[in-house]
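Each reported figure results from applying straightforward, stated rules to the coordinates on display, with no laboratory input. The model shown is predicted, which means the values in this text are computed figures rather than measured ones. No Cβ is skipped: glycine too gets one built from the backbone with ideal geometry, and neighbour counts run over all protein chains shown.
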Amino acid sequence: MTEERSPGWKRVLLKISGEALMGDQGYGIHPPTVQRIAEEIYAVQQQGTEICLVIGGGNIFRGLSASAAGMERASADYMGMLATVMNALAMQNALEALGAETRVMSAIPMQAVCEPYIRRKGMRHLEEGRIAIFAAGIGNPFFTTDTAAALRAIEMGCDALLKGTQVDGVYDSDPRENPDAVRFETVGYRQVLADNLNVMDATAIALARDNKLPVVVFDLHQKGGFASVLSGAGKSTIVRED
């Protein structure tokens with residue numbers, strides 16, 4: 001796997017939060033927003049990059065929040081996994097309307113709407129020029145979609161994991177609350193974990209560290225942001241070995 005931001009990245013996994021699909025709504029799926037994100041993804045794929053996706057489910061149901069409200073954690077997490085399948089199908093529809101070939105693969109088998117996740121089959125889809133959308137996390141409760149994204153990126157042999165967020169990188173504090181927050185150009189896995197920099201959950205960062213998988217954090221809402229980061233020109237933070 002390459003460790004520097006480079007146009008040479010051939011295969012990447014893009015992690016999108018469920019909240020990114022809400023647009024300016026407070027809940028659910030906002031079709032124009034999904035369409036805009038799909039256009040960014042399709043444009044990058046048309047340039048020759050192999051792309052797989054993991055989308056969260058927080059715009060529909062967040063298991064951890066439901067658990068905090070008294071619901072049994074495992075059941076709440078399974079409900080959250082089902083929400084990610086709904087988001088995956090919405091993104092599939094938007095991408096295919098643009099002309100992309102896609103496959104949704106779920107860690108929880110539900111053959112009526114998507115394929116079950118099989119590693120070799122997922123790799124084959126990418127080799128055949130399809131966008132693979134991995135849904136239902138890793139199929140087990142107590143793990144986040146960040147962890148699922150890191151795991152699937154490693155399994156698919158991706159050169160990097162790109163996390164599209166609402167900010168243009170990793171800061172030493174929340175830039176939305178602290179105007180003096182400092183953005184990192186690069187930061188080590190160990191510092192992310194030690195300083196609790198809130199890039200991804202600790203399990204995801206540890207997986208990336210152990211497999212030397214670069215994690216690139218960028219602003220998904222910046223027009224052309226996905227393509228510019230892959231070209232090395234966009235503003236972002238790369239998490240990698242010190």
- Query: What FRET efficiency do you get for MET110 and ASP174 if R0 is 22 Å and r is their Cβ-Cβ distance, rounded to the nearest 0.05?
  - Reply: 0.05
- Residue by residue through the stretch 74-87, the couplings from Karplus 6.51 cos²θ - 1.76 cosθ + 1.60 with θ = phi - 60°, in Hz, x for Gly and Pro, are 4, 4, 4, 5, 4, 4, x, 4, 5, 5, 5, 5, 4, 5
- Message: Please list, ordered by chain and number, the residues whose modelled amide H lies under 5 Å from the amide H of VAL216; skip anything fewer than 5 residues away on the same chain.
- Response: LEU161, LEU162, LYS163, VAL239
- Using the charge dipole of the chain (Lys, Arg: +1 at Cβ; Asp, Glu: -1 at Cβ; taken about the Cα centre), state which of LEU89, TYR27, GLY169 has its Cα farthest towards the positive end. LEU89
- Quick note on SER17, SER65, SER236, SER228, ordering by fewest other C-beta atoms within 10 Å, gives SER65, SER228, SER17, SER236
- Message: Going by amide H atoms built from the backbone, whose H comes under 5 Å of the H on ALA135, apart from near neighbours?
- Response: MET105, SER106, ALA107
- Give a residue-ordered list of calculated ³J(HN,Hα) values for the stretch 141-150 (Karplus: 6.51 cos²θ - 1.76 cosθ + 1.60, θ = phi - 60°; whole Hz; x for Gly, Pro). x, 6, 10, 8, 6, 4, 5, 4, 5, 5
- Query: By count of other Cβ within 10 Å, fewest leading, how are ARG36, ARG103 ordered?
  - Reply: ARG36, ARG103
- Could you give the distance between the Cα centres of the stretch 165-234 and the stretch 35-102, to the whole Å? 20
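Loop-only trypsin sites (Lys or Arg not before Pro) in the stretch 122-227, please: DSSP not H, G, I, E or B, and at most 16 other Cβ atoms within 10 Å. Mind dumping the intermediate values first?
On the way: sites: ARG124, ARG130, ARG152, LYS163, ARG176, ARG183, ARG190, ARG209, LYS212, LYS223; in loops: ARG130, ARG176, LYS212, LYS223.
Counting only loop positions with at most 16 other Cβ atoms within 10 Å, the trypsin sites (Lys or Arg not before Pro) in the stretch 122-227 are ARG176, LYS212, LYS223.
Subtracting the Cα-Cα distance from 0.36 nm times the residue separation, let me have the gained length for GLN166 to ALA233 in nm, one decimal.
Values: separation 67, 0.36 × 67 = 24.12 nm, distance 1.82 nm.
Contour length minus Cα-Cα distance gives 22.3 nm.
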- Query: Just in the stretch 104-157: which GluC sites (Glu not before Pro) are loop by DSSP and have at most 15 other Cβ atoms within 10 Å?
  - Reply: GLU128
- Quick one: what are the phi-derived ³J(HN,Hα) couplings along the stretch 196-208, Karplus 6.51/-1.76/1.60 with θ = phi - 60°, whole Hz, x for glycine and proline? 6, 7, 6, 7, 8, 5, 4, 5, 5, 5, 5, 4, 4
